[in-house]
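The values are calculated or read from the model by the stated rules, or taken from the named source; none is laboratory data. Worth saying up front: this structure is predicted, and the values here are computed from it rather than measured. Cβ placement follows ideal geometry from the backbone for every residue including glycine, while neighbour counts extend to all protein chains displayed.
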Amino acid sequence: MESNLITEDKQKNKLEKVFEILKTMASRPSGLIGLSIVLFHIVLALISPYIAPYDYKAISPNTMLLAPSAEHWFGTDSLGRDVFTRTILGGRTALTVTFFGSLIALLWGGLLGIFCGLVGGKIDDVVMRVVDAFLSIPWILAMLLIVSLLGTSTEVLIPALGFFYGKGIVRVARAATHDVIAKDFIVSARARGHSNMSIIWNEIIPNVRDAILVEGAMRWSWMLLGFSSLSFLGFGVSPPTPDWGLMISNARGLMSFAYWSVIAPIVGLSSLIIGINLTADAFAKALGIDRSTKAPV
Amino acid sequence: MLLLILKRIGLGLITLFIVSLITFVGVEVLPGDACTTYLEREAYGAALDTCIKRLGLDVPAYERYLDWASNVIRGDFGYSLSGEMPINEVLGPRVKNSLVLASVSILIGIPLAIVLGIITALWRDKLPDIMISTITIFSMTIPEFISATLLILIVAIWLGWLPGIVIIPSDATFYELLSNIILPVVAISMIMTAHMARMVRSSVIQVMASDYVQMAILKGVPYWKMVFRHVLPNALLPAINVVALTIAWLLGGVVVTEVVFNYPGLGRLVIESISNRDLPVVQALAIILASIYVGINLIADLMTLMLNPRLKSLQIRK
């Protein structure tokens, strides 16, 4: 009975803490803007298939490159497809792929980093050398190679992106673990005879979680940038799936007279990336973590 | 001190060795070898045999690795599949073009970043800071291909000031390049400057709050003298490493920028060789780009070591 009460209490505290963090994030104007943009995009991604006025893949020679009008709010592209429809649908793949990609990156990067930080010694040295080596290969070269050999399906993109954006998290998680590991409560847990696994789960993860989550939020925006760059280069989503990166690259050649079909996806993608960035920044500030002195890795 | 430097160089070399292993194993493990990938549907009979002979794919993998690695150390990357010419000849002009683009961007970007960083730090949370910081956040977060596309749309198409796309052969001379690279340079240095300016800003703010600066203020050192004598040298030191990481990180972004502007540098070669499925060139590019990354980081670490007397007696940063 008593233990039940305690867990209930804990759960309530957790919810309250999440609410508290959200409130702190929204109390700054930049955080509020960021949160609302991200929320808007998520809601849009969920409802867009139901509110899209046209079929996103309907090609029509009669409606090629029309300027914005009452029927076609954002005009039409070079194949006669409605740009408004394609723009509101354009974030769905990107959001899904990068969300699950970041989750994978967080999981493997975080756990490997904590493990290396805790174990130290030879294993740590070897793993960090390999991580360094992966960090020094430009992500775009590796991603392009994988995608060109394995194909551009989401089953390839999600794990590949998750892997390549997780290696930076390894370093962050490892450094955070190093900060925690010398503290008294770890020493006492060791003295109580707890196993490594139990120490990781009960002592280290609650203490390094914030740092890793903030890093993960940041990675999400970088992964979105990386994913749309791949699409832009023709190595991401395959047509006719609507995707902002792909739309920009297709419409670019004709933008001297049909600028609307390039502006709409640009606004979509930029606003989402800026929104995620602002949110991640506000998240870091709400948790009291300073990211301003870090370089992108 | 000398030992530290040697150790740091050793670590860099080990990293490069692992990179070479990763690229080799990666190409080996992923489906399809260089010949079947390159020839695609024509991968049978005599064409496949000659290709396998030429690349030596009929010998065991470890022998090929040793052979390839020892050639790379001697600076010979072998032959490209598509042009059937030595990779060194393919790379030469591209490396030069990318170097021109990168160094012009860095020459503009670093001083600008330092100035902007100092301005935003000294007028922290006032109008100049708010304005510049908003702009830097925008140019940092917006993908390279979007800022490049917008630049072309606004400057080249709507205003008609500059050519939007670089139309030069890959072996163009330095002067031919210079007149054509204004927009690519703006696109690249915009992002680079934004990253570095933010770094300089937070570094300056940190130093301004330190005891010795408070001491200098109490001693009555004039404001600007204090800024230039006491704050800047200490604030810029930690920035070196971040600058290095930012430059190295841009290697990926430069690929996209070069494609947008059709600039014949290393970045476009990455895309071309991958589209042509020319694996030997991809391998060579991986090694070269990784060496640049390791080299830049090495130089940054050594510079920090040289400039910071406190680090000389300490263990080197892992």
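Picking from residues in segment A:239-262 that are under 23 Å from the mean Cα position of the chain (by Cα) and over 23 Å from B:Gly267 (Cβ atoms), the one that is modelled with the lowest pLDDT is A:Pro239. When B:Asp211 is evaluated against the numbered criteria (1) away from chain A (no Cβ under 12 Å); (2) buried (at least 17 other Cβ atoms within 10 Å of the Cβ), which criterion, by number, is the only one it fails? Going through the list (1) away from chain A (no Cβ under 12 Å); (2) buried (at least 17 other Cβ atoms within 10 Å of the Cβ), B:Asp211 breaks only (2).
Among all residues of segment B:114-136, there is none that is among the charged types (D, E, K, R), modelled with pLDDT of 80 or more and closer than 16 Å to B:Ala187 by Cα.
Does A:Pro49 satisfy the criteria of being at pLDDT 70 or above, touching a strand residue (DSSP E or B) at 6+ places or on another chain (Cβ under 7 Å) and under 20 Å from A:Asp243 (Cβ atoms)? Give the derivation first.
On the way: at pLDDT 70 or above: yes; touching a strand residue (DSSP E or B) at 6+ places or on another chain (Cβ under 7 Å): no; under 20 Å from A:Asp243 (Cβ atoms): yes.
No, not satisfied.
Within segment B:19-31, residues that are farther than 21 Å from A:Met128 by Cβ and facing chain A (nearest Cβ under 7 Å) reach partners that are modelled with pLDDT of 75 or more and surrounded by 17 or more Cβ atoms within 10 Å (Cβ to Cβ) with beta carbons closer than 6 Å, at six or more positions or on different chains, in the pairs B:Leu30/A:Leu149. Does segment B:101-109 contain any residue that is outside any helix (DSSP H, G or I), within 14 Å of chain A (Cβ to nearest Cβ), modelled with pLDDT of 80 or more and under 28 Å from the mean Cα position of the chain (by Cα)? For segment B:101-109, residues outside any helix (DSSP H, G or I), within 14 Å of chain A (Cβ to nearest Cβ), modelled with pLDDT of 80 or more and under 28 Å from the mean Cα position of the chain (by Cα): absent. Taking first residues from segment B:263-290 that are within 11 Å of chain A (Cβ to nearest Cβ) and without any contact (Cβ under 8 Å) to a residue 60 or more places away in the chain and partners that are buried (at least 23 other Cβ atoms within 10 Å of the Cβ) and part of a loop (DSSP other than H, G, I, E, B), the Cβ contacts under 6 Å between residues at least 6 apart in sequence or on separate chains come to B:Leu289/A:Pro138.
Any idea how many residues of segment B:227-259 are over 13 Å from the mean Cα position of the chain (by Cα), more than 8 Å from chain A (Cβ to nearest Cβ) and surrounded by 19 or more Cβ atoms within 10 Å (Cβ to Cβ)?
Narrowing segment B:227-259 to residues over 13 Å from the mean Cα position of the chain (by Cα): B:227-241, B:259.
So of that shortlist, the ones also more than 8 Å from chain A (Cβ to nearest Cβ) come out as B:227-237, B:239-240.
Pick out the ones that are also surrounded by 19 or more Cβ atoms within 10 Å (Cβ to Cβ) and you get B:227, B:230-231, B:235-236, B:239.
Count: 6.
For segment A:43-151, which helices (runs of 4 or more DSSP H) that fit wholly inside it have 3 or more residues that are of a type in the set (Gly, Ala, Ser), within 14 Å of another protein chain (Cβ to nearest Cβ) and surrounded by 19 or more Cβ atoms within 10 Å (Cβ to Cβ)? Can you show your working first?
Numbers: elements: A:83-89, A:92-119, A:121-136, A:139-150.
Per the criteria, A:92-119.
Could you list all residues from segment B:242-296 that are more than 30 Å from B:Leu153 (Cα to Cα) and of a type in the set (D, E, K, R)? Residues satisfying the conditions are B:Arg277, B:Asp278.
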